[in-house]
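Reviewing the structure listed below.
Every read-out reported here was derived from the displayed coordinates using simple, explicitly stated rules and does not represent laboratory data. Computed from a predicted structure; not experimentally measured. So basically every Cβ, Gly included, is an ideal-geometry build from the backbone, and we count neighbours across all protein chains shown.
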Amino acid sequence: MPGDAPTISDAVSLAHAGDLVLVAPGVYHESVKIDTARVTLRGESRDKVVIDGRLQQPNGIVVTAPGVAVENLTVENNTQNGVLVTGSAKAAAGMPGQSGGYDTGDEPVTFLKSFLVSYVTATRNGLYGIYAFSTQNGVIEHSYASGGADSGIYVGQCKPCHVVVRDNTAELNAVGYEGTNASGDMYVVGNRLVGNRVGLTTDSDHQEKLLPQQGAVVAGNLIAANQQKATPEQADGGWGIGIGIDGGSDNQFIRNRIAGNSNAGLMITATADIPTNGNRILDNTFTANGVDVGWTFPTATRGQGNCLRGNDLRTTVPAQLATTASCPLPTQSPSPYGRWAAPTAPGGIPFTEVAAPAPQPQFPNATTTGATAVPAVPALPDAADIPLPSASLLAAGARVQTS
């Protein structure tokens, strides 16, 4: 299409399970809803197939059926999300609560099972670039997210998730990647989270179900220079933080390269009533951060059993944390904590003014490859096989470079 249908939405409405909707270059002013299982929506050119919301619609693409693949296109200028994949009827209807969460009340959680977002560029969207909410068994890969007024890539409300976020670039967002109440087989691996206000957060939030957040693996990511001024202002005021853990527990942070974050490379804190327990920080390299690792608990909620081992560290708060909280540690062991002087976050810019993306890699053989078969359950990575990334990971298509 458009030879076969005048709009993407018309083409999708004609598609049957297992069909490929191949989109010709053009700028499309529409919101595309995919509610037929196992449809592949693919652009012929990632940079030249553009779904532009013109700030007049909540979402660029909404996926509510299992087994759908969204590939090789750009989604921009939506008031909420570039791509939304969800099993929540409220989310699909575009009814966000505060900060983009969804209050589902006493209703049971309904998951969308199996999805793929691949080679997608999502830029200048009012909440999230790529948003997987109330989903399981999915992959977000080879994609680029910038100008997310909340975060570039977000996974929320899944347990167990069986979700893999890999080989993506998130820059010039308030937060690069956020995982809220995303627990169990939740993998964030090999991503470039550089030049945001905050690189990555994993947290618990009462605005979503399935509290608390537990059991994510964050491995092999480049998380650097997250104090970029020309970005949307972060709602909670976060600034200069590589990794933030807020009420998240039993997560593993393995062989990440965490560099040049002006406040903290990795910070553990806690929400008012949800402790941060049992996180393991293993074999990471820290360079030129304000504080490499800092643990602070500003409320009465305290953490337990958080530990470190094998990291390349220079500064911690409290001091000598690598010794006093060395892994393994008893689960009931109280986590020490302290304070440090954090830099003041500067004002941000409207998400609509964030710098345009550089050209991004194309989906291989986009016009000749058939529909993508999305697995019912994705293959999950083995953390032991994930190496420490180079300082130039995915640098070719990035606006923000590390020094």
Requested in this report: Any chance you could get the radius of gyration and Dmax over the Cα atoms of the range 274-339, in Å?
Outcome: 11.3, 32
**Report entry** For the range 295-333 and the range 163-202, distance of Cα centres in Å
**Finding:** 23 Å
Query raised in the report: Once the Cα gyration tensor of the chain is found, what semi-axes does its equivalent ellipsoid get, as square roots of 5 times the eigenvalues, in whole Å, sorted largest first?
Result: 35, 21, 19
Query raised in the report: When all alpha-carbon pairs of the range 30-93 are counted, what percent fall beyond 21 Å?
Result: 18 percent
Requested in this report: Quick one: dipole size for the range 45-181, taken about the Cα centre, charges +1 on Lys/Arg Cβ and -1 on Asp/Glu Cβ, in debye to the nearest 20.
Outcome: 180 debye
Report task. Loop only per DSSP, at most 14 neighbouring Cβ atoms within 10 Å: give me the trypsin sites (Lys or Arg not before Pro) in the range 194-289, ordered by residue number. Result -> K229
Query raised in the report: Relative to the present Cα-Cα distance, how much length would full extension add between T315 and Q56 at 0.36 nm per residue of separation?
Result: 88.5 nm
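Quick check on packing: order 373-382, 123-132, 392-401 by the mean number of other C-beta atoms within 10 Å, highest mean leading. Could you put the intermediate results ahead of the total?
Numbers: 373-382: 13.7, 123-132: 29.4, 392-401: 16.8.
Descending mean neighbour count gives 123-132, 392-401, 373-382.
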Query raised in the report: So how much slack lies between D382 and A230, counting 0.36 nm per residue of separation and subtracting their Cα-Cα distance, in nm?
Result: 51.1 nm
Report summary line: Among G67, A89, A132, the residue whose Cα sits farthest towards the positive end of the charge dipole of the range 66-175 (+1 at Cβ of Lys and Arg, -1 at Cβ of Asp and Glu, taken about the Cα centre) is G67
Query raised in the report: For q = 0.17, 0.21, 0.26 Å⁻¹, what log10 I(q)/I(0) does the range 1-72 give under the Debye formula with an equal point scatterer on each alpha carbon and no solvent?
Result: -0.56, -0.86, -1.30
Report summary line: Kirkwood-based Rg/Rh on the Cα set of the range 204-266 evaluates to 1.00
Query raised in the report: About the Cα centre of the chain, what is the dipole size in debye to 20, counting +1 per Lys and Arg Cβ and -1 per Asp and Glu Cβ, all else neutral?
Result: 700 debye
Report task. Take the chain, connect every pair of alpha-carbon atoms lying under 10 Å apart with a spring to form a Gaussian network, then pick out the residue of A259, A170, A383 with the largest mean-square fluctuation. Result -> A383
Query raised in the report: How long is the range 247-367 along each principal axis, judged by its Cα atoms, biggest number first, in Å?
Result: 55, 37, 30
Report task. For each of L73, L20, count neighbouring Cβ atoms within 10 Å of the residue's Cβ, then give the residues from fewest to most. Result -> L20, L73
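Let me have the 222 nm mean residue ellipticity of the chain computed from DSSP H runs of 4+ only, each contributing -39500 (n - 2.57), with the sum over all residues rounded to the nearest 500.
Calculated mean residue ellipticity at 222 nm is -500 deg cm²/dmol.
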Query raised in the report: Separation between the T324 and A341 pseudo-spin-labels, each 7 Å from Cα along Cα→Cβ, expressed in nm?
Result: 2.1 nm
Query raised in the report: Suppose every K and R has +1 on its Cβ and every D and E has -1 on its Cβ; what is the size of the dipole of the range 1-72 about the Cα centre, in Debye to the nearest 20?
Result: 140 debye
Query raised in the report: Mind checking the alpha-carbon convex hull of the range 126-241 and giving the volume per residue in Å³?
Result: 80 Å³
Query raised in the report: Which of F111, F133 comes first, and how do the rest follow, when ranked by fewest Cβ neighbours within 10 Å?
Result: F111, F133
Report summary line: Simple spin-label estimate for D283/H29, 7 Å along Cα→Cβ, in nm, reads 5.3 nm
Query raised in the report: With a Cα-only, solvent-free Debye model of the range 47-164, what are the log10 I(q)/I(0) values at q = 0.14, 0.15, 0.19 Å⁻¹?
Result: -0.49, -0.56, -0.92
Query raised in the report: How do Y187, Y144 line up, fewest other C-beta atoms within 10 Å first?
Result: Y187, Y144
Report task. Excluding residues on the same chain fewer than 8 positions from K159, give the lysines whose Cα lies under 21 Å from its Cα. Result -> K90, K113, K209
